[in-house]
Amino acid sequence: MTATALSQSHVYSVSEITRLIRGTLENQFSDVRIQGEISNFKQHTSGHVYFTIKDESAQIAAVLWRSRTTSIQFTPQDGMKVVAFGRITVYETRGIYQLDVRQLQPVGIGELQLAFEQLKENLMKEGLFDASHKKPLPKYPKTIGIITSPTGAAIRDMVNIIGRRFPPVELIIAPVQVQGYGAAQEIAQALRDLNSYGGIDVIIVGRGGGSLEDLWAFNEEIVARAIYESAIPVVSAVGHEVDTSISDFVADLRAPTPSAAAELIVPNRLDLLDILRNSCYTMTQRLREGVESERNRVRYLIESYSFNQPRDLVRQYSQRVDEADRRMRNVLRHRFEVLHGKAEELQKRMESVNPEQILRRGYVIVYRGDTVVSSARRISVRDLVRMKFHDGVVRSRVEAKETDAGA
Amino acid sequence: MPVPKKEKKDSFESSLKRLEQIVETLERGEVPLEEALSMYEEGIQLSKQCVEKLTRAELKLKTFLKEVDGTFKLQNDEPPE
């Protein structure tokens with residue numbers, strides 16, 4: 001509307017004069033920047049945002065249409081000092097002038113810093129950062145919740161690292177905005193929702209690197225409180241290695257980056273495979289020792305046995321050896337890839353010890369008189385010996401003898 | 001609202017704990033051979049299960065969604081790009 005000269009004689013209707021005022025204001029103040037403090041901040045269900053910008057002695061009504069909220073990089077709050085860009089217009093129905101906000105910025109990094117320091121101090125006083133409140137993380141989580149942006153390097157890295165380190169887990173990804181208007185609310189809500197859903201062992205909340213404004217959602221009070229109230233342990237993994245966000249202070253564990261979080265939250269399966277390998281080795285060694293000592297005990301009994309003893313007793317001892325042998329075979333029958341043939345080796349040795357088996361293979365036990373002779377050196381020519389085969393006994397007289405060198 | 005701790009009987013963690021127990025007991029060497037044999041069997045079996053889990057398992061990815069009526073839903077996922 002173009003500005004028209006006011007006529008002193010014409011009687012205007014309210015609508016007419018309002019329209020003229022509107023035209024004048026929109027022309028004169030089509031593109032202004034206003035600095036002041038936000039108050040009476042209200043977001044209607046429609047999505048449109050209403051607030052006032054004020055200083056010590058004046059105030060101006062402002063409206064931020066829903067469609068424009070996406071271009072705002074932070075969540076405005078009462079008390080914040082901002083610079084608002086826009087056009088002055090008139091809301092004719094109510095007869096008020098207002099700023100039609102196109103863009104909103106906090107006054108400077110300094111303001112954000114200040115807000116950060118203030119909130120940090122308040123929450124710390126309240127006890128939200130207390131070490132006593134922090135929960136331990138599960139060592140072998142089965143279900144992990146990740147609250148982050150569904151696109152970008154952060155989620156990709158976390159999935160890759162967890163997949164490599166410890167695949168037997170379920171990752172539940174709760175996609176959220178990680179910066180900009182409403183991000184803090186989404187993050188907080190996701191934390192509450194995952195807690196309601198239940199069955200999750202640990203949550204990572206985070207994002208990749210960015211500027212202070214980019215990370216701002218993780219410095220907001222609503223996120224801090226949601227982390228504090230989470231019954232599920234929370235790992236905060238917000239981009240920067242150097243800076244610590246308020247989420248980092250409240251969380252049960254702080255990770256310098258999302259990738260670091262992935263490494264902290266699950267064990268490395270290579271380490272576990274080592275432990276398992278060692279366990280198998282130890283168990284096998286101990287068992288082998290146990291079998292060995294049992295075997296020695298039985299062999300001693302057999303060898304010290306005189307042939308003058310009644311046959312029944314001989315059979316009894318043979319049977320006990322067979323029993324022990326059978327039990328050991330039972331164990332060894334279970335071949336496990338992990339043992340790589342150690343079991344087979346053990347079995348062969350067992351077989352070689354069973355006297356019955358030895359005799360069947362063609363060996364004999366040689367007796368002279370009552371004693372078992374196991375060395376050629378102990379025999380002289382003309383000795384009368386008895387040879388026990390697996391199926392009988394042969395008596396013979398020694399005609400000649402040869403011993404290995406050094407006899 | 002506190003989340004109840006589920007008793008996961010054949011979870012990886014419980015298998016490892018039991019295996020640890022068995023190794024410790026066998027190392028002390030105070031067990032009769034019969035018992036040692038059955039513990040050994042159990043131990044090897046647990047070990048095999050754990051190795052299987054670690055080498056064969058594949059990461060499961062799900063997306064957490066909230067329906068309009070407020071209920072939660074898990075959707076199976078492709079790995080993110």
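Quick notes
- Exposure of A:ILE161 as accessible area (Å², to 10), given a probe of 1.4 Å and all protein chains: 20 Å²
- Chain A: angle of helix A:342-353 to the longest principal axis, Cα-based, in degrees nearest 10: 20 degrees
- Of the listed residues A:TRP216, A:TRP65, the order by accessible area with a 1.4 Å probe, largest first, is A:TRP65, A:TRP216.
- For the peptide A:283-295, the mean number of other protein chain Cβ atoms found within 10 angstrom of a residue's Cβ is 4.
- Between A:TYR367, A:TYR228, A:TYR197, the GNM of chain A built on Cα springs shorter than 10 angstrom shows A:TYR367 fluctuating the most.
- Carbon + sulfur, % of accessible area of the protein assembly as shown - ligands and nucleic acids excluded, 1.4 Å: 49 percent
- For A:274-282, mean number of other protein chain Cβ atoms within 10 Å: 5
- Annotation: for a label point projected 7 angstrom from Cα along Cα→Cβ of A:GLU263, residues of the range A:121-139 with backbone N closer than 20 Å are A:137-139.
- Between the range A:243-297 and the range A:173-215, the alpha-carbon center distance in angstrom: 30 Å
- Counted charge near A:GLU221, where neighbours are those whose Cβ lies closer than 14 Å (Asp, Glu -1; Lys, Arg +1): -3
- The residue list A:HIS44, A:ASN122, A:SER9 was ranked by how far each Cα lies along the charge dipole of the protein assembly as shown toward its positive end, using unit charges on Cβ atoms, and A:ASN122 comes out on top.
- Around the Cα centre of the range A:44-111, unit charges on the Cβ atoms of Lys, Arg, Asp and Glu (plus for the first two, minus for the last two) sum to a dipole of about 240 debye.
- Rounded Å value of the spacing that divides the Cα centres of the range A:40-77 and the range B:26-54: 68 Å
- Cα-based reach from A:LYS125 at 15 Å (exclusive), listing aspartates and glutamates while leaving out same-chain residues under 8 positions away: A:GLU117, A:GLU221
- Where only DSSP H runs of four or more residues are counted, chain A gives -13000 deg cm²/dmol as its mean residue ellipticity at 222 nm, each run worth -39500 (n - 2.57).
- For A:LEU191, solvent-accessible area (1.4 Å; no DNA, RNA or ligand), Å²: 0 Å²
- With protein chains left intact and a 1.4 Å probe, residues in the range A:74-120 average 50 Å² of accessible area per residue.
- Taking all protein chains as shown and a probe of 1.4 angstrom, A:TYR91 keeps an accessible surface of around 100 Å².
- Shielding of A:170-177 by partner chains, average beta-carbon count, 10 Å: 5
- Taking GluC sites (Glu not before Pro) in DSSP loop states with no more than 16 other Cβ atoms inside 10 Å as exposed sites, chain A has its longest site-free stretch at A:242-398.
- Of the residues A:VAL83, A:ALA224, A:TYR97, the one whose Cα sits farthest toward the positive end of the charge dipole of chain A, with +1 on the Cβ of Lys and Arg and -1 on the Cβ of Asp and Glu, is A:ALA224.
- Using a Gaussian network model of chain A in which every pair of alpha carbons under 10 angstrom is joined by a spring, one finds that among A:ILE246, A:ILE204, A:ILE379 the greatest mean-square fluctuation is at A:ILE379.
- Taking A:HIS390, A:HIS240, A:HIS44 in turn, the Gaussian network model of chain A (Cα-Cα springs below 10 Å) assigns the largest fluctuation to A:HIS390.
- Nearest-20 debye value, the protein assembly as shown charge dipole, Cβ charges on Lys, Arg, Asp, Glu: 2540 debye
- Among the listed pairs A:LYS142/B:LYS17; A:LYS135/B:LYS17; A:LYS120/B:LYS66; A:LYS134/B:LYS17; B:LYS17/B:LYS53; A:LYS42/B:LYS73, those whose Cα-Cα separation exceeds 20 Å are A:LYS135/B:LYS17; A:LYS120/B:LYS66; A:LYS134/B:LYS17; A:LYS42/B:LYS73.
- Set of aspartates and glutamates with alpha-carbon distance to B:LYS48 below 15 Å, sequence-local pairs under 8 removed: A:ASP274, A:GLU337, B:ASP10, B:GLU13, B:GLU20
- Between A and B, accessible area buried - total, square angstrom, nearest 100, 1.4 angstrom probe: 4400 Å²
- This model, with +1 at the C-beta of Lys and Arg and -1 at the C-beta of Asp and Glu, gives the range A:1-127 a dipole about its Cα centre of some 340 debye.
The values are calculated or read from the model by the stated rules, or taken from the named source; none is laboratory data. Note that this is a predicted model, so its numbers are computed, not measured. Cβ: placed from backbone, ideal geometry, glycine included. Neighbour counts: every protein chain shown. For the accessible areas, the whole protein counts, side chains as well, though only heavy atoms, and no ligand, DNA or RNA atoms are used. Shrake-Rupley method; radii C 1.70, N 1.55, O 1.52, S 1.80 Å.
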